[in-house]
1. What is the mean projected area of the alpha carbon convex hull for the range 83-143, to one decimal in square nanometres?
2. Ranked by accessible surface with a 1.4 Å probe, highest first, in what order do 46, 178 come?
3. Setting aside same-chain residues fewer than 8 positions from residue 182, which aspartates and glutamates have a Cα under 19 Å from its Cα?
4. Per residue, how many Å² of accessible area does the chain show with a 1.4 Å probe?
5. How much of the accessible area of the chain, probe 1.4 Å, is carbon plus sulfur, in whole percent?
6. To the nearest 10 square angstrom, what accessible area does residue 5 show with a 1.4 Å probe?
7. Output the antiparallel fraction of DSSP beta bridges having both residues in the chain, as a percent to the nearest 5.
8. Which value, in Å² rounded to 10, gives the accessible area of residue 84 with a 1.4 Å probe and all protein chains present?
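The values are calculated or read from the model by the stated rules, or taken from the named source; none is laboratory data. The model shown is predicted, which means the values in this text are computed figures rather than measured ones. No Cβ is skipped: glycine too gets one built from the backbone with ideal geometry, and neighbour counts run over all protein chains shown. When the accessible area is computed, the model is the full protein with side chains, heavy atoms only, and any ligands, DNA or RNA have been set aside. Shrake-Rupley method; radii C 1.70, N 1.55, O 1.52, S 1.80 Å.
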Amino acid sequence: MSVQHVDVIVIGAGISGIGAGYHLQVESPNRTYMILEGRSDIGGTWDLFRYPGIRSDSDMHTLGFEFKPWNAEKSIADGPSIMEYLRETVAEYGIDHWSTDLADTLAIADIDAVILATPTQMHAAQAIACMDAGMHVQVEIPLADSLVDAEAVLAKQAETGLVAMVGHTRRFNPSHQWIRNKIAAGEFNIQQMD
């Protein structure tokens, strides 16, 4: 792999990874980034699960991007429709900086940070690998799928002194922002959170 300096690595080319790529381009245009995807295509879950009947687990008006709203008639969409939407998005916004090998990517000595937007069961091992390679890491929620794995990430962070943080990428979704603004304005009161 012949790569020069990269400021940020986003691991996972699904909805969250593509959204992170867009926000990096807009919010930090002077920084370089690369999206790492373990498979040969973008799309995350929507590319991985191809059995009949697969559809989104959330309406696409909520799950879609604020910068490119979902405009299809069906809000509960099937996998091929979501993949078409994602392909349009990466083409329209030039989100095409990607690789397929984590080890090769982590071998790039001049990386500042990594964003993990991968399946939950991969988070802990990948976060630890990033810190072992000397890189700060932000993990899409949840940090891990077990307390033992989460504690291993915490131990690695304490050992290395690197930043290891967990982020909620849906904070960019218009519906989540709307609710947050209502709560902040005192118009909604939280009665219970489960």
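1. Numbers: hull surface 19.9 nm².
That works out to 5.0 nm², a quarter of the Cα hull's surface.
2. Details: 46 30, 178 135 Å².
In descending accessible area the options line up as 178, 46.
3. Partners within reach: 66.
4. Details: 11010 Å² over 194 residues.
Per-residue accessible area for the chain comes out at 57 Å².
5. Values: 5840 of 11010 Å².
Ligands and nucleic acids excluded, carbon and sulfur reach 53 percent.
6. Number for this one is 70 Å².
7. Values: 1 of 20 bridges.
Beta bridges within the chain, antiparallel portion: roughly 5 percent.
8. Approximately 110 Å² for this residue.
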